[in-house]
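Worksheet for the structure shown next.
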Amino acid sequence: MAISYNKKELQKKKEQKRKDKQKRKEERKASGSGSLDDMIAYVDENGVITDTPPDPIRKQEVEAASIAVSTPRQTDTEDPVLNGQVEFFNPDKGYGFIRNTAGTDKYFFHVSNAPANIAEGNTVTFELERGERGLSAVKIALVK
């Protein structure tokens, strides 16, 4: 079976790459860099990475109990009471939308969170609660 010119060229290139790789490997071994001591890095008290070990005299003891492992509990904050106007209400389906008077946002509400005598155009106060599909109005009260 005859070897074509292209196959010979490809074999020569592969052989040359192998030789170059072996040569680079031998050069790395000869240079001597790459020992474990050269690869170790230290972090100082300011978070800066250095190649020198920390000074044992400046070492500070830290109590394990003083380290916060998790995020601290969020203090309960009162949700602000918002003012709005009932823009749409369908008593047959039991839902509606309230437009916030402070902005252009509209919030969904369910009839279970509203007083029985609510109707379109009523001015109301409400709080927001995150539901399955976003923010919704809860604790709805009519403004007199």
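The values are calculated or read from the model by the stated rules, or taken from the named source; none is laboratory data. Small disclaimer: the values here were computed from a predicted structure and weren't measured. Cβ sites come from the backbone with ideal geometry, for glycine too, and all protein chains shown count toward neighbours. The area values use the complete protein model at the heavy-atom level, side chains included, leaving out ligands, DNA and RNA. Shrake-Rupley method; radii C 1.70, N 1.55, O 1.52, S 1.80 Å.
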Against the longest principal axis of the chain, how steep is helix 5-31, in degrees 0 to 90 to the nearest 10, with axes from Cα atoms?
-> 90
Let me know the longest stretch in the chain that avoids all GluC sites (Glu not before Pro) found in a DSSP loop with at most 11 other C-beta atoms within 10 Å.
-> 79-131
Compute the Cα gyration tensor for the chain, then decide on rounded, prolate or oblate, letting a ≥ b ≥ c be the square roots of its eigenvalues: rounded whenever a/c is under 1.5, prolate when a/b is larger than b/c in the other cases, and oblate in all that remain.
-> oblate
At a probe radius of 1.4 Å, what is the per-residue accessible area of residue 29, in Å² to the nearest 10?
-> 150
The chain, accessible surface, carbon-and-sulfur percent (1.4 angstrom probe) | 51
Averaged per residue, the 1.4 Å probe accessible area of the chain, protein heavy atoms only, in Å², is roughly 89
Report, in deg cm²/dmol and to the nearest 500, the calculated mean residue ellipticity at 222 nm for the chain, where each DSSP H run with n ≥ 4 adds -39500 (n - 2.57) and the sum is divided by the residue count.
-> -7000 deg cm²/dmol
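Using alpha-carbon pairs under 8 Å, 6+ residues apart, how would you state the relative contact order of the range 1-108 in percent? Mind showing how you got there, number by number?
On the way: 57 pairs, mean separation 10.8, N = 108.
So the answer I get is 10 percent.
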Accessible area, probe 1.4 Å, largest first, for residues 142, 10 | 10, 142
